[in-house]
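Taking it in order: structure first as structure tokens, then the write-up.
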Amino acid sequence: MENRPLEYDYTIAKMFMLTTIVLGIVGMLIGVVLAFQLAFPGINLFLGEGLAEYTNFSRLRPLHTDAVIFGFTLSGVFATWYYVGQRVLKVSMAESKLLMILGKVHFWLYLAVVAAVVVSLFAGVTTSKEYAEFEWPIDIGVVLVWVIWGVGMFGLIGIRREKSLYISIWYYIATFLGIAMLYLFNNMEIPTMLATSDVGESGIGAWYHSVSMYSGTNDALVQWWYGHNAVAFGFTVPIVAMIYYFLPKESGQAIYSYKLSLLSFWGLMFVYLWAGGHHLLYSTVPDWMQTMGSIFSVILILPSWGSAINMLLTMKGEWQQVAASPLIKFMILASTFYMFSTLEGPIQAIKSVNAIAHFTDWIIGHVHDGVLGWVGFMIMAALYHMAPRVFKREIYSKSLMVAQFWIQTLGVVLYFTSMWIAGITQGMMWRAHDEFGNLAYSFIDTVTVLHPYYAIRGVGGLLYLVGFLMFAYNIYKTMSARPVEAGELQSASPMGA
Amino acid sequence: MDIAQLQAYGYFALTTVLVIGLYGYIYHLYSKKKDVDGIDYESYSDMALKDDIDDTPVSSISDEKVTREGVKEK
Ligand code: HEM
């Protein structure tokens with residue numbers, strides 16, 4: 001032991017890479033099923049009448065959202081943390097037994113919580129709050145997982161050699177603190193067994209059921225403060241952490257402006273928390289709060305573009321790398337989609353635009369150009385960069401990567417363009433009326449018109465899933481590809497033909 | 001003044017303070033260019049680029065730990 005050179009220990013990172021891929025496949029597969037169910041309702045019964053309870057759209061939808069958010073994305077965040085964290089702090093997990101144990105407990109407990117979520121959502125046990133569907137026993141598990149991650153994170157920071165914290169570490173810390181605060185506040189709930197009704201009944205409902213501590217407008221406000229900031233601290237902050245590490249590292253280029261990265265960090269933290277009101281425009285929340293939500297949403301363009309432009313400019317003078325390397329392609333497209341959806345979001349948050357966009361498929365389109373183009377691409381790129389380093393082998397196939405890139409890009413484009421058209425059509429048809437104020441269309445008229453766009457979205461989603469399977473295969477084959485020397489891993493990742 | 005009005009003034013004041021803080025920070029970053037340890041902010045990019053365990057830290061936390069440097073050979 002004494003004479004063994006010190007190395008980074010990627011045990012935990014590898015475990016989370018596995019769940020990123022597996023839960024990604026599960027979540028996106030369910031997404032594709034949902035998409036085709038909306039286009040062809042017969043698919044709701046794809047396992048027959050008897051099992052319809054488990055295969056219908058409404059049962060599967062929260063499984064999709066939770067699998068891709070808390071399964072795929074969060075696993076990706078953990079996997080990259082256990083990789084990037086050690087490297088930029090210049091300390092190995094192997095140097096502390098405690099940190100290794102915490103890491104393993106973190107992983108296995110996380111897996112147990114995932115299993116509990118899958119079983120309970122399939123069984124239809126849910127609190128019915130979007131992205132917070134888990135009943136209280138599971139919530140306690142979630143909090144434990146989070147606390148253990150936090151202890152491990154600050155433990156690693158505590159024994160670091162590098163005095164300053166690299167910008168990505170700031171973003172990981174913000175992810176940890178942000179989600180901790182949001183999750184706790186939004187999930188304040190009381191088990192129904194502790195409640196007593198007006199007529200004196202007690203021990204109401206199953207032991208695992210609970211009701212939110214908030215109600216009515218307050219509940220909506222807390223829910224969307226949570227919901228929007230889950231986008232902030234789950235889909236933005238940790239993904240920015242990734243791109244600030246992986247793009248400079250893979251391209252061998254220093255960040256265009258480190259100062260700009262610090263500045264955008266504080267800008268993002270400052271502005272994001274106030275933007276959630278844009279989910280509740282024209283609702284019963286106070287008017288000033290809605291206006292505030294709109295205004296802060298528009299201001300949010302600045303820090304978001306600050307990070308994205310910083311990434312694009314990092315490639316200044318090195319654009320040939322984008323053509324040459326599929327890995328860089330993934331990251332450059334990711335930051336482009338980040339710019340794109342952070343422009344689209346503020347536009348949708350403007351009150352008059354929201355009057356058309358709200359409740360329509362345009363929102364679904366917006367969600368998915370962000371998550372497919374930005375979150376999905378960046379996480380896959382991160383895992384591609386990590387694979388040769390954690391397995392000490394070259395990436396199995398570059399041409400497979402190139403093919404995957406184009407298939408998925410086409411998939412994303414089909415997804416969001418069809419949803420734009422569908423959404424705006426819906427919005428216009430819902431509000432169209434004749435000179436006496438009678439509605440021009442009934443709901444079913446819109447459904448008929450939207451059918452082709454739903455089918456196109458299904459195809460787009462299927463292409464993305466096919467690309468994801470190619471990614472999974474490529475990583476799997478990398479484990480037995482040509483071994484590489486440490487010297488080959490300095491910047492651009494080694495790839496087989 | 002009722003509570004809602006107080007909240008509104010409080011909110012405005014907080015926003016103003018944060019805006020001034022943020023702009024002050026921008027001014028600081030671009031006028032000073034270096035942090036309190038005298039290290040150019042831009043050199044912190046090296047934390048990612050030179051991140052092997054035996055690479056020299058941009059600024060190390062203690063001299064004692066740096067001596068580990070070179071223990072590992074590649
Ligand atoms: C193969 C890829 C995917 C397909 C085909 C797909 C499909 C769908 C469908 C059909 C819906 C329901 C839309 C509705 O109710 O009208 C949905 C919702 C959603 N999906 Fe996906 N999805 C995919 C990937 C992802 C990924 C990777 C993420 C996140 C990382 C994601 C996050 C979400 C979210 C947050 C919602 C809820 C949106 C809202 O309520 O406004 N999806 N998806």
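The values are calculated or read from the model by the stated rules, or taken from the named source; none is laboratory data. Keep in mind that this is a model prediction, so the values were computed, not measured. Using ideal geometry, Cβ is built from the backbone for each residue, glycine included, and neighbour counts are taken over all protein chains shown. Accessible surface areas use protein heavy atoms only, side chains included; no ligands, DNA or RNA. Shrake-Rupley method; radii C 1.70, N 1.55, O 1.52, S 1.80 Å.
Scanning the stretch A:391-400 for residues that are among the β-branched types (V, I, T) and open to solvent by 10 Å² or more (accessible area, probe 1.4 Å) yields no hits at all. A:Y441 meets each of the listed conditions (1) in a loop (DSSP other than H, G, I, E, B); (2) at pLDDT below 95 apart from (2).
Being open to solvent by 70 Å² or more (accessible area, probe 1.4 Å) and within 14 Å of another protein chain (Cβ to nearest Cβ) is the filter here; which residues of the stretch A:476-487 pass it?
So the first thing to find is which residues in the stretch A:476-487 are open to solvent by 70 Å² or more (accessible area, probe 1.4 Å), and the list is A:476, A:479-480, A:482-483, A:485.
Correct list: A:E485 only.
If you go through the stretch A:67-81 one residue at a time, do you hit one that is buried (at least 23 other Cβ atoms within 10 Å of the Cβ), away from chain B (no Cβ under 14 Å) and away from the ligand (no atom under 16 Å from the Cβ)? Within the stretch A:67-81, one or more residues are buried (at least 23 other Cβ atoms within 10 Å of the Cβ), away from chain B (no Cβ under 14 Å) and away from the ligand (no atom under 16 Å from the Cβ). Checked against (1) more than 8 Å from chain A (Cβ to nearest Cβ); (2) surrounded by 11 or more Cβ atoms within 10 Å (Cβ to Cβ); (3) not in a helix (DSSP H, G or I), B:M1 passes all but condition (2).
For residues that are closer than 30 Å to A:L313 by Cα and more than 10 Å from chain B (Cβ to nearest Cβ), tally how many sit in the stretch A:215-249.
Within the stretch A:215-249, the subset closer than 30 Å to A:L313 by Cα is A:228-249.
Okay, now just the ones that are also more than 10 Å from chain B (Cβ to nearest Cβ), so A:228-243.
The number of residues fulfilling the criteria is 16.
Could you list, ordered by first residue, the pairs with Cβ atoms under 7 Å in which the first is in the stretch A:199-223 and under 25 Å from A:L182 (Cα atoms) and free of Cβ contacts under 8 Å to residues at least 60 places away in the same chain and the second is aromatic (F, W, Y) and open to solvent by 60 Å² or more (accessible area, probe 1.4 Å), at least 6 apart or interchain? Every condition considered, the pairs that remain are A:V222/A:F185. Inside the stretch A:274-322, residues that are free of Cβ contacts under 8 Å to residues at least 24 places away in the same chain, assigned to a helix (DSSP H, G or I) and among the aromatic types (F, W, Y) make up a count of 1. What about A:G27, is it of a type outside the set (A, V, I, L, M, F, W, C) and away from the ligand (no atom under 16 Å from the Cβ)? So A:G27 does not fit the description; no.
Considering A:E318, A:E344, the condition of being open to solvent by less than 50 Å² (accessible area, probe 1.4 Å), within 27 Å of B:V58 (Cα to Cα) and charged (D, E, K, R) is satisfied by A:E318 alone.
Taking the conditions exactly as written (within 16 Å of the ligand (Cβ to nearest atom), among the polar types (S, T, N, Q) and more than 30 Å from A:P452 (Cβ to Cβ)), does A:T20 satisfy them or not?
On the way: within 16 Å of the ligand (Cβ to nearest atom): yes; among the polar types (S, T, N, Q): yes; more than 30 Å from A:P452 (Cβ to Cβ): yes.
Taking the combined requirement at face value, the residue satisfies it.
Applying a threshold of 7 Å to beta carbon distances and a minimum spacing of six or more residues, or different chains, the list of pairs starting in the stretch A:47-63 at a residue that is without any contact (Cβ under 8 Å) to a residue 12 or more places away in the chain and among the aliphatic types (A, V, I, L, M) and ending at one that is more than 16 Å from the ligand (Cβ to nearest atom) and in a helix (DSSP H, G or I) reads A:A52/A:L45.
Would you confirm whether any residue within the stretch A:447-459 is part of a loop (DSSP other than H, G, I, E, B), surrounded by fewer than 21 Cβ atoms within 10 Å (Cβ to Cβ) and away from the ligand (no atom under 16 Å from the Cβ)? So far as the stretch A:447-459 goes, no, none of its residues is part of a loop (DSSP other than H, G, I, E, B), surrounded by fewer than 21 Cβ atoms within 10 Å (Cβ to Cβ) and away from the ligand (no atom under 16 Å from the Cβ).
Has the stretch A:21-42 got at least one residue that is part of a helix (DSSP H, G or I), of a type in the set (S, T, N, Q) and touching a residue at least 40 places away in the same chain (Cβ under 8 Å)? Step through it out loud before you land on a result.
So the first thing to find is which residues in the stretch A:21-42 are part of a helix (DSSP H, G or I), and the list is A:21-39, A:41-42.
From what is left, the residues that are of a type in the set (S, T, N, Q) are A:37.
In the following step, the residues that additionally are touching a residue at least 40 places away in the same chain (Cβ under 8 Å) were identified as none.
No, because not a single residue in the stretch A:21-42 is part of a helix (DSSP H, G or I), of a type in the set (S, T, N, Q) and touching a residue at least 40 places away in the same chain (Cβ under 8 Å).
Considering every residue within the stretch A:165-187, establish whether at least one is under 20 Å from A:V231 (Cα atoms), in contact with a strand residue (DSSP E or B) (Cβ under 9 Å, 6 or more places away or on another chain) and open to solvent by less than 30 Å² (accessible area, probe 1.4 Å). Scanning the stretch A:165-187 turns up at least one residue that is under 20 Å from A:V231 (Cα atoms), in contact with a strand residue (DSSP E or B) (Cβ under 9 Å, 6 or more places away or on another chain) and open to solvent by less than 30 Å² (accessible area, probe 1.4 Å). Specify which of the listed residues (A:I363, A:I356, A:I350, A:I379) is open to solvent by 10 Å² or more (accessible area, probe 1.4 Å), in contact (Cβ under 8 Å) with a residue 12 or more places away in the chain, within 11 Å of the ligand (Cβ to nearest atom) and not acidic (D, E). Of A:I363, A:I356, A:I350, A:I379, the one residue that is open to solvent by 10 Å² or more (accessible area, probe 1.4 Å), in contact (Cβ under 8 Å) with a residue 12 or more places away in the chain, within 11 Å of the ligand (Cβ to nearest atom) and not acidic (D, E) is A:I363.
Note on the stretch A:44-53: among residues that are part of a helix (DSSP H, G or I) and touching a helix residue (DSSP H, G or I) at 6+ places or on another chain (Cβ under 6 Å), the one that is nearest to A:I30 (Cα to Cα) is A:N44. The listed residues are B:D35, B:D54, and the only one of them that is open to solvent by less than 40 Å² (accessible area, probe 1.4 Å), more than 7 Å from chain A (Cβ to nearest Cβ) and under 26 Å from A:R389 (Cβ atoms) turns out to be B:D54. Considering (1) more than 30 Å from B:S45 (Cβ to Cβ); (2) of a type outside the set (D, E); (3) more than 11 Å from chain B (Cβ to nearest Cβ), the lone condition that A:W288 does not fulfil carries the number (3).
With A:V84, A:V77, A:V68, A:V32 as the choices, which residue is out of contact with any Pro (no Cβ under 9 Å at 6 or more places or on another chain) and farther than 30 Å from A:V447 by Cα?
Values: A:V77 fails: out of contact with any Pro (no Cβ under 9 Å at 6 or more places or on another chain); A:V68 fails: farther than 30 Å from A:V447 by Cα; A:V32 fails: farther than 30 Å from A:V447 by Cα.
The unique qualifying residue is A:V84.
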